[in-house]
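Trainee: Input: one structure, supplied below.
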Amino acid sequence: MSAVPKKGTRVRFQVETEEQVEGVTGVVTYQRGRTIRLVDSHGRRYTNARSKGANIALTAVRPIRFGLFVFDTRLDRSLASQRQAGRFWQEYCDCAGWSQGSERVHSLEDLRYFLGRAIPGDVLIFSGHGHESRGFRLSNGELLDGRKKLEINPANHDKVVLFSSCQVGRTEKMAQRLRESLQARAIIAYSTDVLDDIAFVAEPLLLQLLAAGKSPTVATEMVAAALDPWKTLNQRRARRFPLVCYER
């Protein structure tokens, strides 16, 4: 007999459509006995209760852990900077019960190597320097700007990609080009410069909402609204908190 996932559990299950059997990730919103209700990040609802028009089978529901993978770069040519987002996220994910991995990437060739292999997790984080027109800068000076082919493993399609870097989200053209190049469901980024300590406040809130089943757009809007009173800590004359989302 299958174990019944409790309310709040993140799960993976299959849904049969007219064209195909689709794998879906969602969160259990109700559980009583062996009856459950689920919602996915698009707001679609599912249940195994026959009286409510069952559209999933309990045996097809598998609990999974939310997870992320961090790509860090060297921030300065002198190699003096010790900043490494992977260390922060390892500690945080241990506390949250999430899976986590990280790698240093110094060139586009490094990125092609890792993105060409199946990467576990729901979110990819790129930590480093960014620019509104040049994109994300790698350690050797090469740019991830959506113009160069990357060869993404199909297992890495449809992930949420977070650029923990300045300005990458300032223009829709840049963000959408990166989203298409990375085969991502959504790009979340900052529209202005962002301080490291402010990013380390905003991003755990964002990922908690994604783990709870919120869509990338809704999660981003909630975090930006919640942190709006602190926007001037990041930039003195800011009109809004600079976190933005471009979702397919």
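Trainee: Looking only at the stretch 32-55, which residues are open to solvent by less than 20 Å² (accessible area, probe 1.4 Å) and either aliphatic (A, V, I, L, M) or in contact (Cβ under 8 Å) with a residue 40 or more places away in the chain (or both)?
Mentor: The answer is 36, 38, 40, 49.
Trainee: Can you find a residue in the stretch 117-127 that is of a type in the set (S, T, N, Q), open to solvent by less than 50 Å² (accessible area, probe 1.4 Å) and part of a loop (DSSP other than H, G, I, E, B)? First the steps, then the outcome.
Mentor: From the stretch 117-127, those of a type in the set (S, T, N, Q) are 127; that's our starting set.
In the following step, the residues that additionally are open to solvent by less than 50 Å² (accessible area, probe 1.4 Å) were identified as 127.
When the remaining residues are screened for being part of a loop (DSSP other than H, G, I, E, B), the result is none.
Looking for residues that are of a type in the set (S, T, N, Q), open to solvent by less than 50 Å² (accessible area, probe 1.4 Å) and part of a loop (DSSP other than H, G, I, E, B), one finds none in the stretch 117-127, hence no.
Trainee: Also, quick follow-up: Any residue in the stretch 11-31 that is aromatic (Phe, Trp, Tyr), open to solvent by less than 40 Å² (accessible area, probe 1.4 Å), under 22 Å from residue 211 (Cα atoms) and not in a loop (DSSP other than H, G, I, E, B)?
Mentor: Here is the first cut: in the stretch 11-31, the residues aromatic (Phe, Trp, Tyr) are 13, 30.
Narrowing further to those that are open to solvent by less than 40 Å² (accessible area, probe 1.4 Å): 13.
Add one more test, that the residue is under 22 Å from residue 211 (Cα atoms), and what stays is 13.
Pick out the ones that are also not in a loop (DSSP other than H, G, I, E, B) and you get 13.
Within the stretch 11-31, one or more residues are aromatic (Phe, Trp, Tyr), open to solvent by less than 40 Å² (accessible area, probe 1.4 Å), under 22 Å from residue 211 (Cα atoms) and not in a loop (DSSP other than H, G, I, E, B).
Trainee: Among 237, 170, which is the only one that is in a loop (DSSP other than H, G, I, E, B), surrounded by fewer than 16 Cβ atoms within 10 Å (Cβ to Cβ), at negative phi and of a type in the set (D, E, K, R)?
Mentor: Working: 170 fails: surrounded by fewer than 16 Cβ atoms within 10 Å (Cβ to Cβ).
Result: 237 is the single residue among 237, 170 that is in a loop (DSSP other than H, G, I, E, B), surrounded by fewer than 16 Cβ atoms within 10 Å (Cβ to Cβ), at negative phi and of a type in the set (D, E, K, R).
Trainee: Let me confirm something: among 139, 133, which residue is at pLDDT below 95 and touching a His at 6+ places or on another chain (Cβ under 6 Å)? Explain how you work it out, then say what you get.
Mentor: On the way: 133 fails: touching a His at 6+ places or on another chain (Cβ under 6 Å).
Result of the check over 139, 133: 139.
Trainee: Another question about this same structure. Going through 37, 44 one at a time, which residue ends up being out of contact with any strand residue (DSSP E or B) (no Cβ under 7 Å at 6 or more places or on another chain) and over 26 Å from residue 118 (Cα atoms)? So that I can check it myself, show each step before the final result.
Mentor: Details: 37 fails: out of contact with any strand residue (DSSP E or B) (no Cβ under 7 Å at 6 or more places or on another chain).
Result: 44 is the single residue among 37, 44 that is out of contact with any strand residue (DSSP E or B) (no Cβ under 7 Å at 6 or more places or on another chain) and over 26 Å from residue 118 (Cα atoms).
Trainee: Take the stretch 138-177 and flag every residue that is in contact (Cβ under 8 Å) with a residue 40 or more places away in the chain, under 15 Å from residue 191 (Cα atoms) and not hydrophobic (A, V, I, L, M, F, W, C).
Mentor: Hits for the stretch 138-177 are 164, 169, 172, 176.
Trainee: Hey, another quick one. Restricting attention to the stretch 56-66, report how many residues are in a strand (DSSP E or B) and open to solvent by less than 50 Å² (accessible area, probe 1.4 Å).
Mentor: First pass over the stretch 56-66, keeping only residues in a strand (DSSP E or B): 62-63.
Still in the running and open to solvent by less than 50 Å² (accessible area, probe 1.4 Å): none.
Within the stretch 56-66, residues that are in a strand (DSSP E or B) and open to solvent by less than 50 Å² (accessible area, probe 1.4 Å) number 0.
Trainee: Further question: Write out, first by first residue and then by second, each pair whose Cβ atoms fall under 6 Å of each other, whose residues are 6+ apart or on separate chains, and whose first residue, in the stretch 56-76, is in contact (Cβ under 8 Å) with a residue 24 or more places away in the chain and farther than 22 Å from residue 93 by Cβ while the second is open to solvent by less than 10 Å² (accessible area, probe 1.4 Å) and of a type in the set (Val, Ile, Thr).
Mentor: 61/11
Trainee: Follow-up question, since we're still on this one. Given the residues 88, 69, which is the only one that is assigned to a helix (DSSP H, G or I), hydrophobic (A, V, I, L, M, F, W, C) and open to solvent by less than 70 Å² (accessible area, probe 1.4 Å)? Can you show your working first?
Mentor: Details: 69 fails: assigned to a helix (DSSP H, G or I).
That would be 88, the only listed residue that is assigned to a helix (DSSP H, G or I), hydrophobic (A, V, I, L, M, F, W, C) and open to solvent by less than 70 Å² (accessible area, probe 1.4 Å).
The values are calculated or read from the model by the stated rules, or taken from the named source; none is laboratory data. Since we're looking at a predicted model, the values are computed, not measured. Cβ coordinates were reconstructed from backbone atoms using ideal geometry, including for glycine residues, and neighbour counts include every protein chain displayed. The accessibility values were calculated without ligands, DNA or RNA, using every heavy atom of the protein model including side chains. Shrake-Rupley method; radii C 1.70, N 1.55, O 1.52, S 1.80 Å.
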